[in-house]
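J.: Below is one structure. I have some questions about it.
The values are calculated or read from the model by the stated rules, or taken from the named source; none is laboratory data. None of the values given here were measured: they were computed from a predicted structure. Here the Cβ positions follow ideal geometry from the backbone for every residue, glycine too, while neighbour counts run over all protein chains shown. Accessible surface areas use protein heavy atoms only, side chains included; no ligands, DNA or RNA. Shrake-Rupley method; radii C 1.70, N 1.55, O 1.52, S 1.80 Å.
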Amino acid sequence: MVNNNEPPRRVEGKYAAIVVCWLLGNGCLFSWNSMLTIEDYYVFLFPKYHPSRVLTLVYQPFAVGTLAILAYKEDKINTRLRNLFGYTLFFISTLSILVLDLVTSGKGGLGTFIGICVFSAAFGISDAHTQGGMVGDLSYMLPEFLQSFLAGAAASGALTSALRLITKAAFKNSKNGLRKGAIMFFAISTFFELICVLLYALVFPKLPIVKYYRSKAASEGSKTVSADLAAGGIQTPSGTANEDDKQLERKGNKQLLWENIDYAIDLFLVYALTLSIFPGFLSEDTGTHSLGTWYALVLIAMYNVCDLIGRYIPLLKTLKLECRKLITIAVVSRVLFVPAFYFTAKYGTQGWMIMLTSFLGLSNGYLTVCILTSAPKGYKGPEQNALGNLLVLFLLGGIFAGVTLDWLWLIGKGW
């Protein structure tokens, strides 16, 4: 087992890699968060279709199904092509949503809604390629890289929420204003996804520290990094894998999953609970308050900002939770959010709801980073890559379960 994952001091590019990982994590969810953040526009266009719930429910089966296949075949898949395909599909799908809105002149209707659902499914396929591929890829590098990637993913929610509040204030609450905000969102998303394609294709594989870790993974038997190494100017000898087969043997997916089943279930439960509340319940079931149409946007913004903050807390080693039992206890205790949100929505003020939503986001981000950075420790590169894919599969499975459970809030409300 590999216990020391620190590179030699002479290897450069650590901070550049952290920045690139943050941007790639942002791009992994920026388009999807843009769609979530303009839910008020879609609710206005499609009032009968519950877009805040339906779009998420369409997205998840494609994300989970695609990642299940990719995780199963992980050791034979070209990681470079996988991630480039994912970011490119994000770019094409985001551009297509923008074109669809321009072609239909911002009109609703079932046909337009089905088109948006198709692109939501494409986002799910893209997410499975990039999130699973990147988490697996970064799991055998420095934990700071994975933490930065996960923080970037959360930052996409915070950035889109901030942009949404700015555009809502700038364009006011009118049909035309909502549409202008939506167009702006997807124009920015389209440009940013193109940047991510270029960053992963041209910048990330050439960073010295990234080449060091990928070479190290290749020496431990990884067959998924050869294309990325070639992009960085390093050719892997074709015959090295046969020199010491016993040394290069890796644990199978079943064994890795069994050894880390608590981490996998914890991730599943974290996201099942979170997505049973966010964004559907916060968008549609929190009642009417003095903030009016700003209320749901403020709640979503607070969740996203606190989710981002929570992902940086583990950088302080004294505050990072690494005991497996304590992580599980913290995860299970989050079930108390369900009655808390129910009674706060029914009897509480908007201040209490904002505070509760903040804690939901803070705990989600914090536990995500604690689990995903702790689990890969002690494994060889190929095993860490495989484990990263398996854990993201459970994460997405939790999201799918959560968006399904979210419909339970509608019981007794006439739908």
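J.: Going from most exposed to least, what order do Leu387, Leu159, Leu100, Leu408 have by accessible area with a 1.4 Å probe?
T.: Values: Leu387 0, Leu159 75, Leu100 40, Leu408 100 Å².
The ordering from most to least exposed comes out as Leu408, Leu159, Leu100, Leu387.
J.: Now a separate question. Among (1) 66, 57, 41; (2) 78, 62, 42; (3) 68, 48, 34, which is the computed Cα extents along the principal axes in Å?
T.: Given (1) 66, 57, 41; (2) 78, 62, 42; (3) 68, 48, 34, the structure-derived one carries the label (3).
J.: While we're on this one: Please list Ser52, Ser96 from largest to smallest accessible area, probe radius 1.4 Å, with all protein chains kept in place.
T.: Ser96, Ser52
J.: Still on this model: Expressed as a whole percentage, what fraction of the accessible surface of region 1-111 belongs to carbon and sulfur atoms when a 1.4 Å probe is rolled over the protein heavy atoms?
T.: Values: 3450 of 5180 Å².
The nonpolar share, carbon plus sulfur, comes to 67 percent.
J.: Next question, about the same structure. Which semi-axis lengths, in whole Å and largest first, follow from the square roots of five times the eigenvalues of the Cα gyration tensor of region 93-226?
T.: Values: eigenvalues 269, 58, 28 Å².
Taking √(5λ) for each eigenvalue gives 37, 17, 12 Å, largest first.
J.: Ranking request for peptides 12-25, 318-331: highest mean number of other beta-carbon atoms within 10 Å first, then the rest in descending order.
T.: Details: 12-25: 19.4, 318-331: 13.7.
Ranking, from highest mean packing down: 12-25, 318-331.
J.: If you don't mind, there's one more thing I want to ask. Counting heavy atoms of the protein chains only and a 1.4 Å probe, report the per residue accessible area for the chain as a whole number of Å². Each step should come with its number before you reach the end.
T.: On the way: 17470 Å² over 415 residues.
Accessible area per residue, the chain: 42 Å².
J.: Next question, about the same structure. Given an 8 Å cut-off on Cα distances and at least 6 residues of separation, report the relative contact order of region 1-144 as a percent.
T.: Details: 106 pairs, mean separation 54.6, N = 144.
The value is 38 percent.
J.: Related question: Compute the acute angle (0 to 90°) between the alpha-carbon long axis of helix 14-37 and the principal axis of greatest extent of the alpha-carbon atoms of the chain; round to the nearest 10°.
T.: 30
J.: For a Förster distance of 35 Å, can you work out the FRET efficiency between the beta-carbons of Lys14 and Met355, rounded to the nearest 0.05?
T.: Numbers: r = 37 Å, r/R0 = 1.06.
Approximately 0.40, to the nearest 0.05.
J.: How do Ile277, Ile309 stack up against each other in accessible area, from largest to smallest, with a 1.4 angstrom probe?
T.: On the way: Ile277 0, Ile309 85 Å².
Listed by decreasing accessible area, they come as Ile309, Ile277.
J.: Could you work out how far apart the two model spin labels at Val203 and Asn176 are, taking each label as a point 7 Å from the Cα in the direction of the beta carbon, and quote it in nm?
T.: Inter-label distance under the simple model: 3.8 nm.
J.: Further, regarding this structure: Determine the relative contact order of the chain: mean sequence separation of Cα pairs under 8 Å and six or more apart, normalised by residue count, in whole percent. The partial results should precede the final answer.
T.: Values: 625 pairs, mean separation 115.5, N = 415.
The value is 28 percent.
J.: To the nearest µm²/s, what D does Stokes-Einstein give for region 140-205 at 4 °C and 1.567 mPa s, using the Kirkwood radius over alpha carbon pairs as Rh? Numbers along the way, then the final one.
T.: Details: Rh = 13.9 Å.
Result for D is 94 µm²/s.
J.: With contacts defined as alpha carbon pairs under 8 Å and 6 or more residues apart, what's the relative contact order of region 84-229 in percent? Walk me through the numbers on the way to the answer.
T.: Details: 91 pairs, mean separation 48.5, N = 146.
Relative contact order, region 84-229: 33 percent.
J.: Determine the sum of side-chain charges near Leu199: Lys and Arg each +1, Asp and Glu each -1, restricted to other residues whose C-beta is under 14 angstrom from that of Leu199.
T.: Value of the local net charge: -1.
J.: Counting only other residues whose beta carbon sits under 12 Å from that of Asp266, what net charge do I get with K and R as +1, D and E as -1?
T.: Values: positive: Arg324, Lys325, Arg334; negative: Asp262.
Every neighbour counted, the sum reads +2.
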